[in-house]
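The values are calculated or read from the model by the stated rules, or taken from the named source; none is laboratory data. Quick caveat: nothing in here was measured; it's all calculated off a predicted structure. Don't worry about glycine lacking a Cβ; one is built from the backbone with ideal geometry, like all the others, and counts go over all protein chains shown. The protein model used for the area step is the full one, side chains on, heavy atoms only, and it has no ligands, DNA or RNA in it. Shrake-Rupley method; radii C 1.70, N 1.55, O 1.52, S 1.80 Å.
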Amino acid sequence: MTRTRFAPSPTGLIHLGNARTALFNALLARRDGGAFILRIEDTDRERSRPEYETALIEDLAWLGLGWDEGPDRGGPHGPYRQSQRSERHHALLRGLVERGHAYPCFCSPEALEAERRAQRAQGQPPRYSGRCARLDPGEAARRVAAGEPHTLRFRVPHGREIAWDDLVRGPQRIDSTTLGDFVLRRTDGGVAFFFANAVDDADMAVSHVLRGEDHLANTPRQLLILQALGLPAPRYGHLPLIVGEDGRPLSKRSGALAVAELRERGYLPAAVVNHLARLGHRYPDEQLLDLDALARDFDPAAIHRAPARHQSQTLDHWQRLAVDALDDQSWWQWVGPGVAERVPEVDRAAFLQAVRPNCLFPHQAGEWAEIIYHRPEAPDIEARQVLEAAGPGFFCAAVEALRAHRDDPKAFLAALKAATGAKGKGLFLPLRLALTGRPHGPELGHLLRLLGPRAEERLAAHCHGN
Ligand code: GLU
């Protein structure tokens with residue numbers, strides 16, 4: 001059975017990068033009819049905050065990535081908070097020491113730093129020399145019993161090839177000798193993140209792990225650990241980074257947006273999900289898809305190895321499709337009660353039809369309600385020039401044409417055209433500006449209907465040479 005997980009550390013908000021990781025894991029489980037697990041990796045006590053856990057659960061729920069097991073809903077492999085699993089981690093560490101797979105290391109940070117410096121000076125990659133690996137076990141045990149500060153290191157077998165078939169990157173291999181004996185437990189008793197992470201995956205029967213490329217270096221270590229523990233390893237797949245429009249890794253400046261921020265700005269979950277699903281993964285279907293459809297065509301092997309480029313324009317394209325796909329009730333909910341209040345009951349359907357194509361965000365619907373039911377936006381310099389150039393004569397003719405064809409926008413436009421000789425932009429632009437103050441907006445016919453008598457007033461204001 002396919003079991004995937006998302007294992008965020010509650011040290012910050014969910015942004016596009018880790019939201020995509022969560023989504024891909026959710027899609028893989030959904031495609032195979034498996035289970036998707038949420039595990040909170042809160043072992044970094046200093047940086048983990050319960051409010052981040054609450055926020056990330058809220059964000060994932062908003063995206064609609066339902067999980068089958070997690071800290072909020074339990075499941076057969078709990079607890080789902082890493083900090084609550086530490087007894088198990090420590091018990092396994094003791095087992096590794098007993099079986100000689102791990103050993104206490106008494107080297108001081110200063111000694112280790114000196115060692116690294118010397119290696120670098122000789123052009124070698126810094127790696128633990130293995131000094132304490134050669135200590136007599138009896139002596140090591142005595143020093144531990146005497147309370148000497150120490151870490152626990154994994155005894156990396158030499159000359160072993162570590163290989164795995166990466167779900168995204170294909171076959172990978174690395175010579176174990178390049179790793180050096182690594183720390184499993186720090187001097188303060190804290191367990192290395194990648195140890196807890198690997199053990200929890202095995203204990204939760206996780207079958208597939210899709211995670212950021214930044215974890216690639218952990219994988220051979222985790223495979224060695226799991227092997228030494230006699231625990232099954234999941235299949236790992238490493239997702240390329242997401243870069244911003246400038247080609248640099250997403251940062252606050254290049255648009256490393258928090259999901260919460262997108263939600264506050266009025267993005268719809270369907271837009272964010274469809275955008276994320278295509279960051280590095282091509283879908284034959286360019287329509288807005290729901291999770292089931294996205295899952296059907298999801299394939300980790302189809303994930304590009306090159307960094308995925310996030311462009312806000314693409315996100316907005318999906319937002320356009322998502323807004324268009326809202327049913328009427330959901331659209332009104334999305335724009336908020338403040339907008340509905342301003343639109344008379346009888347106009348609701350017409351307003352929605354007229355204004356929806358002009359709104360990517362809810363506040364824009366509010367602006368159109370203001371423009372249509374209260375007053376046009378104040379024209380800027382350019383708009384004033386256009387209004388002046390059209391002249392009072394144009395607007396007097398417009399008033400007359402409107403009176404003659406109040407319920408027939410087409411006939412109104414034809415009459416105005418005939419009376420003034422204006423056409424195309426020369427016809428529409430001054431009309432739009434007089435009616436709304438904006439050069440673009442809802443279709444003119446829709447606008448005239450919604451404006452009713454206000455249309456004539458607004459045109460008349462310019463007929464008197466205002
Ligand atoms: N807690 C890790 C992170 O947030 C998870 C790594 C993994 O998915 O294996 O990066």
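Remarks
- Debye-sum result for segment 235-388 in log10 I(q)/I(0), which assumes one identical scatterer on each alpha carbon, at q = 0.10, 0.13, 0.15, 0.21 Å⁻¹: -0.49, -0.75, -0.90, -1.29
- Segment 355-466: equivalent-ellipsoid semi-axes (sqrt of 5 x gyration tensor eigenvalues, Cα, Å): 22, 16, 12
- Principal semi-axes in Å for segment 39-106 [√(5λ), Cα gyration tensor, largest first]: 31, 15, 8
- Under 5 Å, built H, 5+ apart or other chain: amide partners of LEU241: GLU213, ALA308
- Subtracting the Cα-Cα distance of ARG296 and ASP327 from their residue separation scaled by 0.36 nm leaves 8.7 nm.
- With one equal scatterer per alpha carbon and no solvent term, the Debye-computed log10 I(q)/I(0) for segment 303-414 at 0.21 1/Å reads -1.15.
- Potential lengthening between GLN313 and ILE174 on full extension [0.36 nm per residue; Cα-Cα distance subtracted]: 46.0 nm
- Space enclosed by the convex hull of the alpha-carbon atoms of segment 43-180, per residue, Å³: 208
- Distance distribution P(r), segment 1-121, all Cα-Cα pairs, bin width 10 angstrom from 0: 12, 31, 26, 20, 11, 1 percent.
- Protein heavy-atom accessible surface, 1.4 Å probe, per residue over segment 252-353: 53 Å².
- Cβ-Cβ distance of ALA378 and ALA260, R₀ of 51 Å, FRET efficiency by 1/(1 + (r/R0)^6): the value works out to about 0.90.
- The phi-based Karplus calculation (6.51 cos²θ - 1.76 cosθ + 1.60; θ = phi - 60°) puts the 3J(HN,Hα) values of segment 375-384 at 7, x, 5, 5, x, 7, 4, 4, 5, 5 Hz, whole numbers, x for Gly and Pro.
- For the chain, share of DSSP beta bridges that run antiparallel, in % to the nearest 5: 55
- Each residue, LEU241 and ASP203, gets one label point 7 Å from its Cα in the Cβ direction; the gap between the two is 3.3 nm.
- Kirkwood Rh and Cα Rg combined as Rg over Rh, evaluated for the chain: 1.18
- Accessible solvent surface per residue of segment 66-179, calculated while the other protein chains remain in place, 1.4 angstrom probe, Å²: 57
- Over the C-alpha trace of segment 115-262, radius of gyration and Dmax come out as 18.8, 59 angstrom.
- Between GLN124 and ASN358, the contour length at 0.36 nm per residue exceeds the alpha carbon distance by 78.2 nm.
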